[in-house]
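Right, one structure below, let's go through it.
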């Protein structure tokens with residue numbers, strides 16, 4: 001069942017471009033019940049209208065705290081710079097309701113733009129790290145710095161759209177030597193020696209929602225990349241099978 005929509009309702013747009021997956025916040029202007037079309041405010045990260053083109057695929061997401069995430073695949077039908085600038089989106093399917101649980105952990109391969117250990121007095125201590133997995137409750141880091149339970153950390157992540165950064169504070173729950181496979185997968189300059197489990201430090205509801213949205217964007221990107229890889233493999237198998245088929249059948253021999 002589709003979610004109930006109302007004007008000025010907050011929505012998130014997921015737009016994939018050559019430089020990555022962009023997560024953009026917007027608001028609903030109006031919706032048409034018969035066609036399902038949506039008119040949304042044109043996102044303008046860094047005070048500039050985000051570049052789009054007609055026919056571009058855009059995923060619309062509606063998050064309801066305590067309920068679930070609703071997702072709708074659309075195509076950009078039109079864009080207008082008349083005040084207020086807006087986009088008209090045409091759905092290519094139905095709204096999907098995605099269950100969300102605090103315990104879901106998403107495997108990711110990414111690096112924070114900045115990582116630092118915080119001290120009660122004195123400057124913070126920067127270090128290099130890679131993420132192994134991420135959830136709305138915490139994350140696992142791979143790093144060469146010997147961290148201990150109780151250490152406080154701050155990680156900063158740049159968004160593909162160049163808008164506001166995602167900055168989170170964490171508390172180290174446990175640290176153990178990384179396995180050879182974890183060390184090889186991380187590749188963070190110096191070979192990492194520690195797999196570190198962390199939990200988010202008392203995030204506000206807004207911060208927790210931002211973290212959840214970040215996780216879901218990663219899930220979407222991973223699924224999209226896997227789908228594209230499978231399509232390329234299927235096309236490669238088809239091309240190989242076509243090359244192995246003889247160009248012409250052998251001529252039949254006429255009876256004596």
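Derivation of every value follows stated rules applied to the coordinates shown; laboratory data play no part. The model shown is predicted, which means the values in this text are computed figures rather than measured ones. All Cβ positions, glycine included, derive from the backbone under ideal geometry; neighbour counts span all protein chains shown.
Inter-label distance, residue 119 to residue 96: 4.8 nm, where each label sits 7 Å from its Cα along the C-beta direction.
For the stretch 107-136, the residues whose amide N sits under 18 Å from a probe point set 7 Å from the Cα of residue 199 along the beta carbon direction are 133-136. Using the average count of surrounding beta-carbon atoms within 10 Å as a protection proxy, the listed peptides 36-44, 232-240 rank, highest first, as 36-44, 232-240. A Förster distance of 35 Å, applied to the separation of the beta-carbon atoms of residue 236 and residue 83, puts the FRET efficiency at 0.10.
Place the peptides 114-127, 135-148, 166-179 in order of packing, highest mean first, counting for every residue the other Cβ atoms within 10 Å and averaging per peptide.
Per-residue Cβ counts within 10 Å, averaged per peptide and sorted highest first, yield 135-148, 166-179, 114-127.
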